[in-house]
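A.B. asks: Pasting a structure below so you can have a look.
The values are calculated or read from the model by the stated rules, or taken from the named source; none is laboratory data. The shown structure was predicted, so the numbers you read here are calculated from the model rather than taken from an experiment. All Cβ positions, even for glycine, are placed from backbone atoms using ideal geometry, and neighbour counts span all protein chains on display. For accessibility, only protein heavy atoms count, side chains too; no ligands or nucleic acids. Shrake-Rupley method; radii C 1.70, N 1.55, O 1.52, S 1.80 Å.
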Amino acid sequence: EKRGRPVGMVHVLPSAGGFRPPPGLDPPEQVAHWETGVWQPWETRWCPPLQSPAIMQAHSHHYMQQRTEVFRSLPFPLLHPARLEKIARCEGSPASTGRDRQTVRQVQHPVHVVPDSKDNTPRPPLLAPAVVSEDLPLGQRLEALTRAPAEDTWKMCTELSDAARKAGDIQVAQAAIRAATKLKGDSPQVWLEAFKLHEEFGDLDGCTRICRSALKRCPNHEGLLLRLVKTLERVGDVDGVRSVLSTLQHAPVERTWKVLVEGACFEGRQGNLEVAKSMLRALLDLLPAQGQIYCEAARWESQDSSEQALLIALRGAQACPKYAPVWQVVLREAERSRGVTAVGMFLDQALENVTSELFWKFHFEMAGAFLRTNNAHGCRKHLAAAAACCGSTVQWKVWLQAGRMEYSLGCEQACRMLLQRAMQEAPGRMKPSVLLEQCRLEEICGNIDSAREMFAAAPSRPDCDSSEWKVHLEHVLLEIRSGTVANARKVADKALEDHPATGRIWAAKILVDHIANVAEARRNFVRGVSEVPKSGEIWCEGARLYMNPASKGFNLVEARRALEFAIHLTPQYGDSFLEMLRLLLLERLCEYVKSHPAVVASRGARPASAGQAQLRSELQYLLRATVHGCSEVLSEFQEEMIAVEGSDYAALEAVCSTAEPNYGLLWYWIKRSSWTVRQIFEQMVNVLVQETQGEVLEKYVLAMLARELGAPVGDDMSATGFYFGAGRLSRSFQNLGSLDRVERMRVVFGAEVLYV
């Protein structure tokens, strides 16, 4: 380039004799030798361009002649490097892969030590890729791999472990991953795969041991530290988490800040909100250019003050003006603390800094803010701006949101037109989402038969994949909301045939049976958790069954166990948190009932041979004795639960704030506009206290007394009205006509909320 000539590239083929240039040209530097009998990657050397076309032609002819000679001299057929890699990974078509494997087996040679070209010191042995037939059983494949380890044996061991895990062979999976850690113990990826395996099988103690062993070989690795902290929190080892965090005091904060942020969130979830805030403030002082820390600090600060959260987010926007998530936090907190006018002011600043590809998202958020204040003009203006600056692949989302906006304003015909355009522009895999929106519109407008016809015609539509599980789910919910439970059960059974491993389909099936047959619902709950054990929605439905006072399965202990699983497995499902609030109230009532003097005296005086009539009479007596005090307990719960720092309520609020739930029928029935988690929880507590009165309170207390005295609990026949934590939602879920327009939208759209 200094001489004014472009630089050319020549591909040099490794061979036993090296590359022999044509006479008169300077030879390039020596290249790698051919020693293993398997293709090595092509090497590239930068050479000055040739002076004339004639010399270039001579060079090309000479080079191709040498290349042909080298190919003829090879002791085995030519295979492409990519093909060999596929063979080593047991990929490709069965027929060709088998032939290629046989070829490789025939040409493998002993490993040689390759001398270095500079100082003639021996290099490490070059190992050929491991080749094991995928037709062998998993155990024999592992034995073949470990018998003659090669350079990439550890990779094949991890792949074999994953295959054994999917096949349910736990012993082979664990043995394969142990072999991988022995062969490549200095690789964090191997340990992460081992952690994933033990987590899949629920061995949390094994996860902890793996993380500690891995950190000895890979000190201060961020991914391993994060998993260790989260695992220790899951098993309740609070001191262990703090011990791990204390070991990072001398580590570079630039490498461990994500672990420290997780530690701050851990303290917040433990109820130590001030400790969490102080840790995040210290991190902001040390790393002022990390936008993610500002987002976390603002989120925890918003639990006490949206204005303070806004100031932290603005500080982050000033320090990291190109970081789009911090601007989104600014808009959200500005709407909560200063109103939609302030959001518009900060929107202009955000658009001046973020990349133009994200403009449409900010206009989209601004349109939502105007929609929540019923400002139709502002909403339409920003939706039009979003449609103008977004890409063609996401424009359908704008039309979908515009359709919802038009319906909320009462413009049903405009909504239909916008949804039709969204259907035309949506990509194939997203067309089912638009179809669901069209069906919901017809349902809200009262055209149930039209919605059913759209679901029935979906399989014949070539442009829409009707096999999508969400289509089946929405059809089930449509039948429930229209009051045709028998049809809902048929649709749910058909959906489970097509999607037996979808948790939300199982949850819908349990809900249908909870309405029609509680005993069948309990059996389906057991089947559901066996098929999809990691579905938080299924566990939440099981907890609702256990908290139904008219059910024979009323059991608050099992309800807590199910809800803890639900919150851990699917924290984005907001219903689990609100049902946990109902459980906290019922546990408070149960403590009072158990400790009531009349109940304590009855427990010791009742003869073992008491008949059913005597038990019923005694239950009625105890009910009259305890129900008045239970009303006082409810009032105390409403006043004290929110105010007690470090209580179960505060810990649950902290976990929910971290999870940020984004869907759930009960969640969006309670939620209003841009409420914080604390406001949602306060509203749920008010609803629970208001509805747990009179006959409802008597049913709960009677179920608690029956379980305490060993009497039959419920009859499974009158278990209606307790499907959700909010009684009004349970009563009106099958009768949308009794709700106004806004409430109908919350019921219909609560199961699936549109997000950018």
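A.B. asks: Which of the following residues is closer than 21 Å to V261 by Cα and not acidic (D, E): T247, T181, T158?
C.D. replies: It is T247.
A.B. asks: Let me ask you something else. Just the residues that are out of contact with any Asp or Glu (no Cβ under 6 Å at 6 or more places or on another chain) and open to solvent by less than 50 Å² (accessible area, probe 1.4 Å), please, taken from region 303-312.
C.D. replies: Hits for region 303-312 are Q303, S305.
A.B. asks: Applying the selection to region 535-555, what residues are at pLDDT below 90 and open to solvent by 20 Å² or more (accessible area, probe 1.4 Å)?
C.D. replies: Within region 535-555, just K552 meets the criteria.
A.B. asks: Hey, among Q318, Q349, Q292, Q328, which residue is surrounded by fewer than 18 Cβ atoms within 10 Å (Cβ to Cβ), modelled with pLDDT of 90 or more and closer than 20 Å to E660 by Cβ?
C.D. replies: Q292
A.B. asks: Just to verify a result, which residue in region 520-534, among those that are over 24 Å from Y700 (Cβ atoms) and of a type in the set (A, V, I, L, M), is most open to solvent (accessible area, probe 1.4 Å)?
C.D. replies: If we take residues in region 520-534 being over 24 Å from Y700 (Cβ atoms) and of a type in the set (A, V, I, L, M), then V526 is most open to solvent (accessible area, probe 1.4 Å).
A.B. asks: Report the residue count in region 523-567 for those that are touching a His at 6+ places or on another chain (Cβ under 9 Å) and among the basic types (K, R).
C.D. replies: 1
A.B. asks: Taking region 230-275 as the region of interest, how many residues are over 20 Å from A650 (Cα atoms), crowded, with 20+ Cβ neighbours inside 10 Å and of a type outside the set (V, I, T)?
C.D. replies: Qualifying residue count for the region: 3.
A.B. asks: In region 200-251, how many are β-branched (V, I, T) and either under 22 Å from the mean Cα position of the chain (by Cα) or over 20 Å from G268 (Cβ atoms) (or both)?
C.D. replies: Counting residues in region 200-251 that are β-branched (V, I, T) and either under 22 Å from the mean Cα position of the chain (by Cα) or over 20 Å from G268 (Cβ atoms) (or both) gives 6.
A.B. asks: Just to be sure, is D493 open to solvent by 30 Å² or more (accessible area, probe 1.4 Å), touching a Lys or Arg at 6+ places or on another chain (Cβ under 8 Å) and either in a helix (DSSP H, G or I) or at negative phi (or both)?
C.D. replies: Numbers: open to solvent by 30 Å² or more (accessible area, probe 1.4 Å): yes; touching a Lys or Arg at 6+ places or on another chain (Cβ under 8 Å): yes; either in a helix (DSSP H, G or I) or at negative phi (or both): yes.
Judged against the criteria, D493 is a match.
Residue-by-condition table, conditions (1) farther than 30 Å from K322 by Cα; (2) assigned to a helix (DSSP H, G or I):
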| position | (1), (2) |
| --- | --- |
| L226 | no, yes |
| K230 | yes, yes |
| A251 | no, no |
| A289 | no, no |
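A.B. asks: Next up: For region 553-599, give me each residue that is in a helix (DSSP H, G or I) and of a type in the set (G, A, S).
C.D. replies: Within region 553-599, A559, A562, A566, S576, S595, A598 qualify.
A.B. asks: Which residues, counting only those in region 256-287, are modelled with pLDDT under 90, touching an Asp or Glu at 6+ places or on another chain (Cβ under 9 Å) and either farther than 20 Å from T658 by Cβ or part of a loop (DSSP other than H, G, I, E, B) (or both)?
C.D. replies: Q270, G271 - these are the residues of region 256-287 that are modelled with pLDDT under 90, touching an Asp or Glu at 6+ places or on another chain (Cβ under 9 Å) and either farther than 20 Å from T658 by Cβ or part of a loop (DSSP other than H, G, I, E, B) (or both).
A.B. asks: Please tell me if S576 is surrounded by 21 or more Cβ atoms within 10 Å (Cβ to Cβ) and either closer than 21 Å to C630 by Cβ or among the polar types (S, T, N, Q) (or both).
C.D. replies: yes
A.B. asks: Sticking with this structure for a sec: So if I check each of L280, L284, which one is farther than 24 Å from T231 by Cα, of a type in the set (A, V, I, L, M) and either touching a Gly at 6+ places or on another chain (Cβ under 9 Å) or open to solvent by less than 30 Å² (accessible area, probe 1.4 Å) (or both)? Walk me through how you get there before you give the answer.
C.D. replies: Values: L280 fails: farther than 24 Å from T231 by Cα.
Matching residue, one of L280, L284: L284.
A.B. asks: Name every residue in region 557-566 that is open to solvent by 20 Å² or more (accessible area, probe 1.4 Å), in contact with a helix residue (DSSP H, G or I) (Cβ under 8 Å, 6 or more places away or on another chain) and closer than 22 Å to T692 by Cβ, in order of residue number.
C.D. replies: If the condition is that a residue be open to solvent by 20 Å² or more (accessible area, probe 1.4 Å), in contact with a helix residue (DSSP H, G or I) (Cβ under 8 Å, 6 or more places away or on another chain) and closer than 22 Å to T692 by Cβ, then E558, R560 are the ones that fit.
Here's the yes/no breakdown for (1) more than 30 Å from F554 (Cβ to Cβ); (2) of a type in the set (S, T, N, Q); (3) touching a residue at least 60 places away in the same chain (Cβ under 8 Å):
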{"site": "R440", "(1), (2), (3)": "yes, no, yes"}
{"site": "L473", "(1), (2), (3)": "no, no, yes"}
{"site": "L477", "(1), (2), (3)": "no, no, yes"}
{"site": "K490", "(1), (2), (3)": "no, no, no"}
{"site": "K494", "(1), (2), (3)": "yes, no, no"}
{"site": "E497", "(1), (2), (3)": "yes, no, no"}
{"site": "P500", "(1), (2), (3)": "no, no, no"}
{"site": "I515", "(1), (2), (3)": "no, no, yes"}
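A.B. asks: If you go through region 496-506 one residue at a time, how many are more than 20 Å from E520 (Cβ to Cβ) and open to solvent by less than 10 Å² (accessible area, probe 1.4 Å)?
C.D. replies: Qualifying residue count, region 496-506: 0.
A.B. asks: Another question about this same structure. Hey, could you check region 170-206 for residues that are in a helix (DSSP H, G or I) and charged (D, E, K, R) and say which is least open to solvent (accessible area, probe 1.4 Å)?
C.D. replies: Among those that are in a helix (DSSP H, G or I) and charged (D, E, K, R), it is E193.
A.B. asks: Restricting to region 382-418, give me the number of residues that are β-branched (V, I, T) and touching a Gly at 6+ places or on another chain (Cβ under 6 Å).
C.D. replies: Looking only at that region, the number is 0.
A.B. asks: I'm trying to understand the selection: among the residues of region 512-551, which are among the aromatic types (F, W, Y) and closer than 21 Å to H475 by Cα?
C.D. replies: F525, the sole residue that qualifies.
A.B. asks: Okay, moving on. I need the full set of residues from region 368-401 which are surrounded by fewer than 15 Cβ atoms within 10 Å (Cβ to Cβ), more than 24 Å from G339 (Cβ to Cβ) and at pLDDT below 90, in order please.
C.D. replies: Once the filter is applied, which keeps residues that are surrounded by fewer than 15 Cβ atoms within 10 Å (Cβ to Cβ), more than 24 Å from G339 (Cβ to Cβ) and at pLDDT below 90, region 368-401 yields G391, S392, T393.
A.B. asks: Follow-up. When you look at A486, is it more than 22 Å from N735 (Cβ to Cβ) and surrounded by fewer than 22 Cβ atoms within 10 Å (Cβ to Cβ), yes or no?
C.D. replies: Working: more than 22 Å from N735 (Cβ to Cβ): no; surrounded by fewer than 22 Cβ atoms within 10 Å (Cβ to Cβ): yes.
Considered against the rule, which asks whether it is more than 22 Å from N735 (Cβ to Cβ) and surrounded by fewer than 22 Cβ atoms within 10 Å (Cβ to Cβ), A486 comes out as no.
A.B. asks: Kindly list the number of the only condition in (1) part of a helix (DSSP H, G or I); (2) open to solvent by 30 Å² or more (accessible area, probe 1.4 Å) that fails for I510.
C.D. replies: Failed condition: (2).
A.B. asks: I would also like to ask the following. A264: under 22 Å from the mean Cα position of the chain (by Cα) and over 24 Å from S337 (Cα atoms), yes or no?
C.D. replies: In short, yes.
A.B. asks: Right, A501: part of a loop (DSSP other than H, G, I, E, B), in contact with a Phe, Trp or Tyr (Cβ under 7 Å, 6 or more places away or on another chain) and of a type outside the set (S, T, N, Q) or not?
C.D. replies: Considered against the rule, which asks whether it is part of a loop (DSSP other than H, G, I, E, B), in contact with a Phe, Trp or Tyr (Cβ under 7 Å, 6 or more places away or on another chain) and of a type outside the set (S, T, N, Q), A501 comes out as no.
A.B. asks: Under 31 Å from the mean Cα position of the chain (by Cα) and among the hydroxyl-bearing types (S, T, Y): does that describe S408?
C.D. replies: yes
A.B. asks: Here is a further query. Taking helices (runs of 4 or more DSSP H) that fall entirely within region 402-476, which contain at least 1 residues that are closer than 26 Å to G391 by Cα, at pLDDT 85 or above and open to solvent by less than 20 Å² (accessible area, probe 1.4 Å)?
C.D. replies: Output list reads 412-425, 431-444.
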